[in-house]
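Structure first, commentary second.
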Amino acid sequence: MSKDTSAVATSNTTAATPSKPSKVGGAATWADDRLGLAAMGKKNLRKIFPDHWSFMLGEIALWSFVVLLLTGIFLTFWFRPSMSEIVYEGSYDQLRGIQMSEAMASALDISFDVRGGLLMRQMHHWAAMLFVASMMIHLLRVWFTGAYRKPRELNWVIGSLLLLLGTLEGFTGYSLPDDLLSGTGVRAADGFIKSIPIVGSYISFFLFGGEFPGEMIIPRLFTIHVLLIPGLLLGLIAAHMLLLVYHKHTQWPGPGRTETNVVGFPMLPVYAAKAGGFFFIVFGVTAALGALLSINAVWKYGPYDPSKVTAGSQPDWYMGWPDGALRIMPGWESHFWGSTWSWNVFLPIIVLPGLLFTVLLLLPFIDSWITGDKREHHLLQRPRNAPTRTGIMVALMTLYAMFWIAGGNDIIAITFHLSINQITYILRAAVFIAPVIAFFVTRRICISLQRHDNEMMLHGYESGVIMRSPEGAYTEKHLPLPESKVYAWTHRDDSAEQLQSGEVHTGRFAKMRNKLRELYYADDVDKPTIEELEAAHHHDEAEHAEQAELVGKASDGHQFDGHHDVSDEPLRGDH
Amino acid sequence: MRFLNRSAASLSRHRRGRLAGLVLLLVGLIISGGLYATFSPASSATQSKTDAELVEEGRQLFLTGCSFCHGQNAEGITTVNGQFVGPSLVGVGAAAVDFQMGTGRMPLTIPGQQAPSKPGAYTDEEIEAIGAYVASLAPGPAVPDEEYLTIENLSDEEQQEAISRGGQIFLTNCTACHNFSGKGGAMPRGGYAPNILNTDPKHIYEAMLTGPQSMDTFSNGNLSPEEKRDVIAYVGSMRDMPGYGGFSMGALGPVSEGMFAWLVGLGSLVGFAIWIAAHTTRTKKKKGQEA
C-alpha cells in the first residue's frame with residue numbers, strides 16, 4: 001500500500017513557533033536532565049497492549065495484592081505478634097476477663113476498639129482470598145489459550161511460584177490472630193510436619209522452638225508473613241511483569257495481527273486509565289465485601305486452647321484441597337523399628353501437594369516435550385483448538401474440585417442432610433474416576449466445537465430467517481460469517497503440520513513420545529481446506545439462487561437479515 | 001325493642017365504615033375463640049391433679065403412643081439381632097421425656113440415623129403426665145427449675161461474668177460438634193449436631209443433663225446447674241449478638257467464606273473486567289462532531 005502524497009496539507013500552514021515552556025515542562029526537563037527517564041518513558045509509555053477481558057484476570061491479582069499491602073500496613077500498626085498471656089479487657093463483652101495471648105487480644109482490639117480496624121481486617125482477609133483466586137483463574141486463562149508456550153515458559157514457572165507463595169502467605173496470615181480456628185490450623189500444620197518420616201519431629205521442634213505450641217510460632221509466622229514472603233512476592237511480581245513487557249503481551253489472532261506485532265492500545269493514555277480504573281474497582285469491591293460480609297469472626301472463635309476445637313474447622317479455600325485429601329485418606333499407618341510412619345497424613349498433605357505443584361510447574365515443558373513444538377508463539381489459541389490440552393486442565397480442575405468438596409464434607413453433610421461417611425466413600429473413588437471422565441468429555445466437546453466451527457465456515461451461520469419457496473418448502477437462510485472472524489478462526493496449524501513441526505524423536509523414550517504425540521492430536525478436526533470451501537460454496541449456490549428471489553420481499557423485520565443496509569433503520573420505534 | 005331497633009340502626013349506619021370489616025372479623029374471632037376455649041377438652045386438664053392421677057394419665061398416654069416401640073412397661077424392645085426398636089426408658093427421668101417430646105423428636109415419624117426436631121404432637125400437660133409416669137418407674141433427672149434457665153435474676157456484673165464463663169465452657173465442650181456459633185455440625189453416618197441458637201433454654205439444659213442420641217451427658221457433677229445456666233446464657237448472647245462484621249453467610253466458617261469470595265468477589269471482578277474490555281476507546285467520532 002502506497003501513501004497518497006499528492007494531497008497538500010491544509011492544516012499547519014504556518015510555521016510552528018516554540019512557545020515558552022510551562023512550569024511543569026520546566027520541572028520535567030530539570031528531572032530528565034538528571035535522571036534521563038524521558039527516553040525510556042517515551043518508549044514504554046506508548047507500549048501497546050491488546051484488548052481482551054481475559055487479559056485482565058492477572059490484573060485482579062496485582063491490584064488485590066496492592067490492597068493487601070495497604071490494609072496489611074494498617075494492621076501492623078496495632079497487631080502485637082506475641083504469645084505472652086494477658087487478660088483481655090477490651091470492648092467485647094463475651095470474652096472480657098478471659099486469659100489469652102497478646103496476639104489474640106490485639107486482634108480483638110483491632111476488631112472492636114480501633115477505628116476502622118474491623119473493616120481493614122475484613123478487607124485484608126477478603127483481598128487475600130481474591131488474590132489467590134484471581135491468580136488461579138489467570139493461570140487457567142494462560143493454559144487454556146496456550147499463552148505459556150515458548151518463549152513464556154519461565155513466566156509460567158514464576159507465576160506458579162507466586163501461587164505457591166500466595167498460598168503460604170495466606171496460611172501464615174490465617175494463623176496470626178491465635179484464635180481457636182487459626183490455632184487449630186497451626187496445630188494441624190504441626191501434625192503435618194511431624195508426619196514426615198524420621199525428620200518430621202526435628203523440623204517441628206526447630207520451627208516451633210520446642211514442643212507445640214511454645215512461644216515462638218506467632219512471632220516467627222509474623223516475620224514470615226510481613227517480611228519474608230511479601231518481599232519474595234514483590235520481587236517475583238516485578239520479574240513476572242518485566243518478562244511480560246519483554247515478551248510483549250500475547251494476542252488473539254485476527255486481521256492484521258501476526259506473530260511479530262501487537263495490535264492494541266498504548267499504555268498511555270488508554271491502559272493507564274483502564275488499569276488505574278480497575279484498581280479502584282478492585283479496591284471498591286474489596287471494601288464492599290469487607291464492609292458487608294463478616295469474615296473470620298475471631299471473637300466468636302475465642303482464644304486458642306489446644307484442648308478445644310470447633311465443628312466447621314476449615315482452612316481458607318486455597319488450602320481446602322489438601323485438607324480434603326487428608327479427610328478422605330484411609331487411615332494407613334506403618335511401624336518400622338519403633339518409628340511410626342503416618343501415611344494417612346504424610347501422603348495427602350505433604351506428598352500430594354508437592355507432587356501436584358511439581359506437575360503444575362512442569363506443565364509447559366511436558367506439553368512441549370510431547371508436541372515437539374519449539375516455535376515461538378505470540379498468538380493465542382482457542383481452547384477448542386487444543387482438545388487434549390484443554391482436557392488435561394479440566395481433568396486437573398476436576399481433581400481439584402473433588403478434593404475441594406472433600407474439604408467441606410461436613411458442611412455439605414449438614415447443609416444437604418447427607419451422610420458424611422457416604423460423601424467420603426464416594427469421593428475416594430471420585431478423585432480417581434471423575435478427572436478421567438472430565439478429560440474425555442472435555443476433549444469430545446472441544447472436537448465437536450471444532451466441527452461446528454468448520455460447519456459455520458463452510459455453510460455460514462444460521463440466520464434464523466426462514467424462507468418459504470413458492471412451492472411451500474421452508475429453508476433456513478445461512479449467511480456467511482464475517483471475514484475477520486473466519487480469518488481469526490482459521491489462523492491455526494493443522495494437526496498434520498503440528499505433527500511434523502518438531503524434530504523426529506530419537507533416543508530412549510522416542511517410541512513413547514511419538515505415541516503420546518499421536519494421541520495428543522488424535523481426532524483433531526482440521527480447518528477446512530480451500531477445496532472444501534469451494535465445494536461448499538458450489539453446493540450452497542443453488543440454495544442461494546432460490547432464496548435470492550425471495551430477498552427484498554421480506555415481511556416486517558427481515559430488513560435486519562444482514563443483507564440490507566440498516567444504518568437508517570431505527571432499532572426501536574419512537575416513543 | 002325500640003332500643004334494639006335504634007342500636008341496629010346505628011350499627012347499620014357504620015356497617016360501611018372503613019374499619020367495619022376489621023371490627024367484625026375481630027368480634028368473630030373473639031367469639032369463636034372464646035367458645036372453643038370454653039368447650040375444648042384441653043381446658044379440663046388445667047385443674048390440678050394428684051401425682052397418682054398424673055402418673056396414671058401418663059401411663060395411659062404412654063400405652064397409646066409410646067409402648068409400641070418402648071414396650072408396655074417402658075422396658076424397651078429389641079429386634080432379633082439385638083438392635084433397639086426403642087430403648088428402655090426406665091431411669092431416664094422426666095427431663096429426657098420433656099426434651100424428646102417437647103422438641104418433637106418423639107414420637108418418631110420414621111426410624112433413621114437421628115430423630116429430627118419437629119413440631120410437637122403432644123401438649124405440655126400430656127408431656128408432663130408421661131414424664132411423671134416415666135419418672136415413677138425409677139429415679140432419673142427431673143425437669144430443671146426455672147432459676148437455672150435464666151440469668152435475669154443476677155446483677156449486671158454477675159450476668160457478664162456468667163456469659164463469659166459460659167462461653168469458655170461452651171468453647172471447651174460444645175463447639176466440637178455444635179460449631180463455634182452454635183449453628184451445628186456433621187456427625188458420622190448422616191447424624192448431626194443440631195443448630196441450638198433457637199432452642200428453648202429448658203431443652204438445652206435437659207439435653208446437657210440427659211445426653212440425647214450422640215450427645216454426651218453432662219451430669220450435675222460434671223457441669224453444675226449454675227454452669228449449665230451460664231452455657232445457656234452464652235448461647236442466648238450469641239443469638240442476640242449483632243453481626244459485628246456484617247452478614248455472617250451462615251456462620252459456617254471458611255467454607256461459606258470461600259464460596260462468597262469466588263462467587264461474589266471474583267465473580268463481580270471478572271464481570272467488571274469484561275465490562276472494561278467491552279468499553280474500548282472510541283475510534284469513530286460521533287456524528288455531527290466532525291471537525
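The values are calculated or read from the model by the stated rules, or taken from the named source; none is laboratory data. Quantities reported herein were computed from a predicted structural model and do not represent experimental measurements. We place every Cβ from the backbone using ideal geometry, glycine too, and count neighbours over all the protein chains shown.
Summed over region A:410-437, residues that are within 14 Å of chain B (Cβ to nearest Cβ) and among the charged types (D, E, K, R) total 1. For beta carbons closer than 6 Å, sequence separation of 6+ or different chains, a first residue in region A:391-411 that is in contact (Cβ under 8 Å) with a residue 24 or more places away in the chain and a second that is buried (at least 20 other Cβ atoms within 10 Å of the Cβ) and part of a loop (DSSP other than H, G, I, E, B), the qualifying pairs are A:ILE411/B:LEU252.
Matching residues to (1) under 19 Å from A:PHE55 (Cβ atoms); (2) among the aliphatic types (A, V, I, L, M):
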residue	(1), (2)
A:LEU355	no, yes
A:LEU360	no, yes
A:PRO364	yes, no
A:ILE370	no, yes
A:ARG375	no, no
A:LEU379	yes, yes
A:PRO387	no, no
A:ILE392	no, yes
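The set of residues in region B:241-274 that are assigned to a helix (DSSP H, G or I) and either in the same structural domain as B:ILE151 (by TED's automatic domain parsing) or in contact (Cβ under 8 Å) with a residue 40 or more places away in the chain (or both) comprises B:GLY250, B:ALA251. What do you reckon, is A:SER91 more than 24 Å from A:VAL142 (Cα to Cα), surrounded by 20 or more Cβ atoms within 10 Å (Cβ to Cβ) and within 11 Å of another protein chain (Cβ to nearest Cβ)? When the stated conditions are applied, A:SER91 does not pass them. In the set (1) touching a residue at least 24 places away in the same chain (Cβ under 8 Å); (2) away from chain A (no Cβ under 14 Å); (3) touching a helix residue (DSSP H, G or I) at 6+ places or on another chain (Cβ under 8 Å), the condition left unmet by B:ALA138 is number (3).
Close contacts from region B:175-197, counting a first residue that is more than 7 Å from chain A (Cβ to nearest Cβ) and more than 19 Å from B:PRO254 (Cα to Cα) and a second that is of a type in the set (Lys, Arg) and part of a loop (DSSP other than H, G, I, E, B), with Cβ to Cβ under 8 Å and a gap of 6+ residues or different chains, come to B:LEU197/B:LYS183. Of all the listed residues (B:LEU197, B:LEU252), the sole one being touching a Gly at 6+ places or on another chain (Cβ under 8 Å) and at pLDDT below 90 is B:LEU252. For region A:404-419, a residue qualifies if it is more than 30 Å from the chain's Cα centre (by Cα) and polar (S, T, N, Q), and exactly one does: A:SER419. Among the numbered conditions (1) within 11 Å of chain B (Cβ to nearest Cβ); (2) touching a strand residue (DSSP E or B) at 6+ places or on another chain (Cβ under 8 Å), the only one that A:SER334 does not meet is (1).
Matching residues to (1) surrounded by fewer than 19 Cβ atoms within 10 Å (Cβ to Cβ); (2) closer than 29 Å to B:MET249 by Cα; (3) at the interface with another protein chain (Cβ under 9 Å from one of its Cβ atoms); (4) of a type outside the set (A, V, I, L, M, F, W, C):
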position	(1), (2), (3), (4)
A:ALA27	yes, no, no, no
A:ALA31	yes, no, no, no
A:LEU62	no, yes, no, no
A:PHE65	no, yes, no, no
A:LEU68	no, yes, no, no
A:SER84	yes, no, no, yes
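Yes or no: region A:15-28 includes at least one residue that is in a helix (DSSP H, G or I), charged (D, E, K, R), modelled with pLDDT under 90 and outside the structural domain of A:LEU243 (by TED's automatic domain parsing). Full working, then the answer.
We begin by selecting, within region A:15-28, every residue in a helix (DSSP H, G or I); these are A:23-28.
When the remaining residues are screened for being charged (D, E, K, R), the result is A:23.
Narrowing the set further to residues that are modelled with pLDDT under 90 leaves A:23.
From what is left, the residues that are outside the structural domain of A:LEU243 (by TED's automatic domain parsing) are A:23.
Checked region A:15-28: at least one residue is in a helix (DSSP H, G or I), charged (D, E, K, R), modelled with pLDDT under 90 and outside the structural domain of A:LEU243 (by TED's automatic domain parsing).
Residues in region A:286-330 that are without any contact (Cβ under 8 Å) to a residue 12 or more places away in the chain and within 7 Å of another protein chain (Cβ to nearest Cβ): 4 in all. Scanning region A:337-350 turns up no residue that is farther than 30 Å from A:LEU139 by Cα, of a type in the set (A, V, I, L, M, F, W, C) and in contact with a Cys (Cβ under 8 Å, 6 or more places away or on another chain).
Filter region A:100-152 for residues that are of a type outside the set (A, V, I, L, M, F, W, C), closer than 25 Å to A:PHE280 by Cα and crowded, with 21+ Cβ neighbours inside 10 Å and give the result.
Start the filter on region A:100-152 by keeping residues that are of a type outside the set (A, V, I, L, M, F, W, C), which leaves A:101-102, A:106, A:109, A:111, A:113, A:115-117, A:121-122, A:124-125, A:134, A:138, A:141, A:145-146, A:148-152.
Those still in the list that are closer than 25 Å to A:PHE280 by Cα too: A:111, A:115-117, A:121-122, A:124-125, A:134, A:138, A:141.
Within region A:100-152, A:SER111, A:GLY117, A:ARG121, A:GLN122, A:HIS124, A:HIS125, A:SER134, A:HIS138 qualify.
When A:ARG428 is tested against the conditions (1) among the basic types (Lys, Arg); (2) touching a residue at least 24 places away in the same chain (Cβ under 8 Å); (3) assigned by TED's automatic domain parsing to the domain that holds A:ASP540, the lone failure is (3).
Total residues in region B:222-260 satisfying the condition of being touching a Phe, Trp or Tyr at 6+ places or on another chain (Cβ under 6 Å), farther than 15 Å from B:ASN179 by Cα and at the interface with chain A (Cβ under 10 Å from one of its Cβ atoms): the figure is 1. Across region A:493-536, what is the total count of residues that are among the small types (Gly, Ala, Ser), at pLDDT below 70 and crowded, with 16+ Cβ neighbours inside 10 Å? Within region A:493-536, residues that are among the small types (Gly, Ala, Ser), at pLDDT below 70 and crowded, with 16+ Cβ neighbours inside 10 Å number 1.
Among the residues of region B:53-62, is there at least one that is surrounded by fewer than 15 Cβ atoms within 10 Å (Cβ to Cβ), out of contact with any strand residue (DSSP E or B) (no Cβ under 8 Å at 6 or more places or on another chain) and of a type in the set (A, V, I, L, M)? Steps first, answer last, please.
Keep residues of region B:53-62 that are surrounded by fewer than 15 Cβ atoms within 10 Å (Cβ to Cβ), which gives B:53, B:60.
Checking the rest, the ones that are also out of contact with any strand residue (DSSP E or B) (no Cβ under 8 Å at 6 or more places or on another chain) come to B:53, B:60.
Checking which are of a type in the set (A, V, I, L, M) leaves us with none.
So far as region B:53-62 goes, no, none of its residues is surrounded by fewer than 15 Cβ atoms within 10 Å (Cβ to Cβ), out of contact with any strand residue (DSSP E or B) (no Cβ under 8 Å at 6 or more places or on another chain) and of a type in the set (A, V, I, L, M).
For A:LEU234, the criteria (1) modelled with pLDDT under 95; (2) part of a helix (DSSP H, G or I) hold in every case but one, which is (1).
Say we look at region A:255-275 and pick out the residues that are within 11 Å of chain B (Cβ to nearest Cβ) and assigned to a helix (DSSP H, G or I); which of these is nearest to B:PRO254 (Cα to Cα)? Don't jump to the end; show me each part of the working.
We begin by selecting, within region A:255-275, every residue within 11 Å of chain B (Cβ to nearest Cβ); these are A:264-266, A:269-271, A:273-275.
If we keep only those that are assigned to a helix (DSSP H, G or I) too, we end up with A:269-271, A:273-275.
Details: A:PRO269: 41, A:VAL270: 39, A:TYR271: 36, A:ALA273: 35, A:LYS274: 33, A:ALA275: 31 Å.
Taking the candidates together, the pick is A:ALA275.
Restricting attention to region B:202-238, the residues that are touching a Pro at 6+ places or on another chain (Cβ under 9 Å) and crowded, with 17+ Cβ neighbours inside 10 Å add up to 11.
Among the listed residues A:PRO197, A:PRO213, which satisfies the condition of being crowded, with 19+ Cβ neighbours inside 10 Å, assigned to a loop (DSSP other than H, G, I, E, B) and more than 20 Å from the chain's Cα centre (by Cα)? Quick ask: steps written out before the conclusion?
Values: A:PRO197 fails: crowded, with 19+ Cβ neighbours inside 10 Å.
When all the criteria are applied, what remains is A:PRO213.
Among the residues of region B:77-123, those identified as among the hydrophobic types (A, V, I, L, M, F, W, C) and under 12 Å from B:THR210 (Cβ atoms) are B:LEU89, B:VAL92, B:ALA94, B:ALA95, B:ALA96, B:VAL97, B:PHE99.
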